[in-house]
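S.K.: If you scroll down you'll find the structure; I have some questions about it.
Where a number appears in this text, it was derived from the coordinates with a stated rule and is not lab data. Given the structure is predicted, the values throughout are model-derived calculations rather than measurements. Every residue, glycine as well, gets a Cβ built from its backbone with ideal geometry; the counts of neighbours run over all protein chains shown.
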Amino acid sequence: MSCSIHRCNRVFARLLPVFFSGLLVGGLVSCSGGNSNSGAQPTLTLTPASIHLTAGAAGQQASLLLTASALAGGGTAPVTVSGLPAGVTISPSTLAVTPGTALPLTLTAASSATATTATVTFTTTANGQTATAQASLSVQAAAPQPDFSFSVMPAEVTLTANGTPVTASLLATAQNGFSSNVQVTIAGLPAGVAVQPSTITLTPGTAATLTLTAPQGTAAGSSTATLTATSGTLTHTASLAVTVTAPAAQPDFSISIAPQSLSLIAGGPGQQVQLAATALNGFTGSANVALSGVPTRVTATPATLSLTPGTPQSVTLTAASNAPAGSANVVFTATSGSLTHTAALALTVGGGNVTTYHYDNARDGWNPSETVLTQQNVNSTSFGKLRELPVDGNVDGQPLYVSGLSIAGQAHNVLIVVTENASVYAFDADSGAQLWQVSALGANETTSDDHGCGQISPQIGITDTPVIDRANGPNGTVFFVAMSKDASSHYHQRLHALDLSTGAELQGSPSEIHASFPGNGYGSTNGMQVFDPGQYAERVGLLLMNGQLYLAWTSHCDDDPYTGWLMAYSETTLQQTSVLNLTPNGPSTPHFGNGEGSVWMSGAGLVGDTQGNIFFLDANGTFDSTLNANGFPASGDFGNSFMKVSTTGNVLAAADYFAAYDLQAESDADQDLGSGGALLLPDQTDAKGVVHHLAVGAGKDNNIYVVNRDNMGKFNASSNNAIYQELPNALSGGAWSMPAFFNNTVYYAGNGDHLKAFPITNALLATTPASESANTFAYPGATPSVSSNGTQNGIVWVVETQNGAGVLHAYNPANVATELYNSNQAPNSRDNFTFNKFVPPMIVDGKVYVGTPSSVAVFGLLP
């Protein structure tokens, strides 16, 4: 009996909803006129129909099922496969199916397979009729494996057979997250040449010095030694050309340097090394010394010198404030006539700068370079409040810090503070002295009123955390947004750029903020949404990425009309380069549906990754659950979503998102994501060796959401969120804050909840915390920060409110039930300060800075 058109219609009717949800369920069903002698139309079904392979990884299982009448003559029907990409194989290689019996398959991508997508077609013939099934196949290229590079400098040395030492510097540089030690062996040295140390272990990023000597009697000659660096199965080599010369009667000299390793702080004072030449065989001349391998923005004074045996000379090396951190081999080459000798210096450049919200664009809240504060000295006896730096308004933006900044010819470690009175301060972070203060208000202007909203009150000036670029302008630049009101009661939002050393506005600053975006939703005019500066505040921390400044906007107590705005400006011209509205087409009702969708995140900063993408949590507002073919809201409305925005070509565009299945109910109940900030996790590897790029966020609904930044999950109308990981009710009162990250652990202090530590294992957060604090944190909870010296002496810092008073806590990150200090422990109210919501503690160079309604409280080791 042939397949009737009615049967096809019934199949189509069942498949139609699945097609429009963007999912493919089961295999394909074929219908044809058939042949009355052939029986029912056979069907071939592949399960699953969407197959994802990783090159070099284990294959994926699938099964093929033929539904048909018994084959004429019995037996099986052969199956052919087409569309299979190069490097992908199917086992078994020869396929044949028996009606009603599933045939198991394994699809595998060889390690050489390239990333691709394809449609693979399986075809068979049963009883004279053809049946096919198709699979959507994607191949992901093999993830780069941790590795290291290895170098020796200089690449050639000359030894004199009289025991004079010559040094070379060895350096292993980590790649793709490599973190192990490296063992070095040497083969092929000329006979008799000695090497110290005899056993060499390198830590990636830290140079080691190799000393070679040719004792008296060593035969003259040359050879190329092979230095083999090994760590596990990884091996790299470097060559060192070694020449041994017999001691001659002609005069000679040697050169030495002390110390042989040196650490500089970016912007800090210079450090000296001493060079000395030793005369050999009656040498009486001088040697000219030149330097090579000096890192970017590090200067040597003098850069060249003449060295006389018996008269050591000093060279001062200084790292500029914008010098990049890292390690280098600096080689001092001394030349006198035909004689040349070298000495190597292992140089490390570090920095004590905090130039953006929560330390970096990943917003991990971790300062790994704190060498002063330790778990041993942070206690109420040794540690406490040193001073308060008075200012003229609420400190709602996190203070920032730059080291070694030149002001009026003197180097200072500088604290930058902004206030709601639209003032910017520069304080000496060591003495507390005010270095400069400027106002961001124009002539005859005041700060904005609070619009009858107590969220930012009693005035609105500078709410956002600024961002600093020490390489921009003559002395570095601090960027921020300020709100003001003129004599005609018109509101202004302006982007400012101030010279770090003087506080002066730089060229093009300030830049008046205007914006428009196509949209027909609530508040639009003639098909455009127009930015009204009076309806918004810039609360989130500014993001500086690839020469662009990114701003986002919130409302005043959800007072309509407003929509969700994201803007980009050039940091060099302060001119707008792109605008994205996140809810341009929302209707006028209901509330939390009429556009809205602001970005505020309790003051957390916009997040940026190394590919130039921006991540943030959007507040409640219109979400268009009618999706286009790519799974995006058809009208471009993304209210209450975990967003990923591309900046390719300096154009802001929605690149991906996650929205919970019940987002509309949560928006209506004001239980949206927008109160929390996002955090990018370092690359995580699961139990199968697959590397994942993850981000963490939480809002008012008590859940913690972990998204795959490469495939965030989008919107699924069913009760199952298509998300990488969800921790339901992990936070008892929701998050008006963001987490911190340290030693593969995420720390959250939710509203009315304990500080909780969620360790990560095999790329998954623990579903229950490994430890939690004894105390809880009243509204709004808190945003933790972490200080450590590498992975040692970690401390989790959190600010709590107790009836308007602030309490600074310090916890052991390995077990946050262990409290090291809190400011209520100090006698005679010594460490008291007033609480100000949403501002995380900032820890740098031995001090902890906390914003208050009228000051910055400074904590450190007591004198």
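S.K.: Contour minus end-to-end for Ala433 and Glu505, with contour as 0.36 nm per residue of separation and end-to-end as the Cα-Cα distance?
M.R.: Contour length minus Cα-Cα distance gives 23.7 nm.
S.K.: Stretch Ala774-Ser91 to full length: gain in nm at 0.36 nm per residue minus the Cα-Cα span?
M.R.: Full extension from Ala774 to Ser91 adds 240.2 nm.
S.K.: For a quick check: with amide H placed at 1.01 Å from N, whose amide H comes under 5 Å from Tyr724's, ignoring anything fewer than 5 positions away on the same chain?
M.R.: Under 5 Å from the amide H of Tyr724 lie the amide H atoms of Asn708, each far enough along the sequence or on another chain.
S.K.: Calculate for the chain the 222 nm mean residue ellipticity that helices alone would give, adding -39,500 (n - 2.57) per DSSP H run of length 4 or more and normalising by residue count, nearest 500 deg cm²/dmol.
M.R.: So the calculated ellipticity at 222 nm is -1000 deg cm²/dmol.
S.K.: Which whole-Hz ³J(HN,Hα) couplings does segment 671-677 yield from phi under the Karplus relation 6.51 cos²θ - 1.76 cosθ + 1.60, θ = phi - 60°, glycine and proline marked x?
M.R.: Along segment 671-677, the couplings run 10, 8, 7, x, 7, x, x Hz.
S.K.: OK, next. Measuring from label point to label point, each 7 Å out along Cα→Cβ, what is the Thr101 to Ala669 span in nm?
M.R.: Distance between the two pseudo-spin positions: 5.3 nm.
S.K.: A follow-up question, please. Place the peptides 562-569, 210-217, 226-233, 472-479 in order of packing, highest mean first, counting for every residue the other Cβ atoms within 10 Å and averaging per peptide.
M.R.: Ranked from most to least packed, the peptides come out as 562-569, 472-479, 210-217, 226-233.
S.K.: Treating cross-link reach as a plain straight distance, find the lysines whose alpha-carbon is under 21 Å from the alpha-carbon of Lys756, omitting any fewer than eight places away in the same chain.
M.R.: Here the lysines satisfying the reach criterion relative to Lys756 are Lys700, Lys837.
S.K.: Setting aside same-chain residues fewer than 8 positions from Lys847, which lysines have a Cα under 19 Å from its Cα?
M.R.: Within the straight-line limit of under 19 Å, Lys847 reaches these lysines: Lys385.
S.K.: Computed FRET efficiency, Cβ-Cβ of Thr767 and Thr371, R0 41 Å: what is it to the nearest 0.05?
M.R.: 0.70
S.K.: Right, here's the next one. What is the distance in Å between the Cα centroid of segment 292-314 and that of segment 46-60?
M.R.: Value for the Cα centre distance between the two parts: 60 Å.
S.K.: Now for a separate question. Please give the Cα centre distance for segment 180-217 versus segment 787-863, rounded to the nearest Å.
M.R.: Going from one Cα centre to the other spans 47 Å.
S.K.: Continuing with the same structure: FRET efficiency for Thr685 and Asp560, Cβ-Cβ distance as r, R0 = 56 Å, nearest 0.05?
M.R.: Efficiency, from the Cβ-Cβ distance: 0.75.
S.K.: Modelled label-to-label distance, Ser732 and Ala219, 7 Å Cα→beta-carbon offset: nm?
M.R.: Once both label points are built, they end up 8.1 nm from each other.
S.K.: I need the phi-derived Karplus couplings for segment 254-262: 6.51 cos²θ - 1.76 cosθ + 1.60, θ = phi - 60°, integer Hz, Gly and Pro marked x.
M.R.: 10, 10, 9, 9, 9, x, 8, 9, 8
S.K.: Hey, can you grab everything whose amide H is under 5 Å from the amide H of Asn162? Only 5+ residues off in sequence or another chain; H modelled, so Pro and N-termini drop out.
M.R.: For Asn162, the qualifying residues are Ala214.
S.K.: Starting from the Cα of Lys714, draw a straight line to each of the lysines and keep only those under 17 Å, dropping any in the same chain fewer than 8 residues away.
M.R.: Hits, sequence-local ones excluded: Lys644.
S.K.: Whole-Hz ³J(HN,Hα) for each residue in segment 834-844, computed from phi via Karplus 6.51 cos²θ - 1.76 cosθ + 1.60 with θ = phi - 60°, x for glycine and proline: what do you get?
M.R.: These are the phi-based 3J(HN,Hα) values: 8, 6, 9, 5, 6, 9, x, x, 10, 10, 6 Hz.
S.K.: Moving on. May I ask you to derive the FRET efficiency for Ser263 and Thr130 from their Cβ-Cβ distance with R0 = 60 Å, giving the value to the nearest 0.05?
M.R.: 0.25
S.K.: At 1.567 mPa s and 4 °C, plugging the Kirkwood radius over alpha-carbon pairs of segment 134-293 into Stokes-Einstein gives what diffusion coefficient in µm²/s?
M.R.: It diffuses with D of about 71 µm²/s by this estimate.
S.K.: Would you mind putting 390-396, 203-209 in packing order, based on average other-beta-carbon counts within 10 Å, highest first?
M.R.: So the order, starting with the most tightly packed, is 390-396, 203-209.
S.K.: Rounded to the nearest Å, what's the spacing between the alpha carbon centres of segment 515-535 and segment 374-424? Just the number, please.
M.R.: Taking the Cα centre of segment 374-424 as reference, the centre of segment 515-535 is 40 Å away.
S.K.: Would you mind calculating the gained length between Ala303 and Gln802 on full extension (0.36 nm times residue separation, minus the Cα-Cα distance), in nm to one decimal?
M.R.: The Ala303-Gln802 span can extend by a further 173.9 nm.
S.K.: Could you compute the longest span of the chain free of trypsin sites (Lys or Arg not before Pro) located in DSSP loops and having at most 13 other Cβ atoms within 10 Å, not counting the site residues?
M.R.: Of all site-free stretches, the longest is 1-687.
S.K.: For the chain, what is the percent of antiparallel DSSP beta bridges, rounded to the nearest 5?
M.R.: 90
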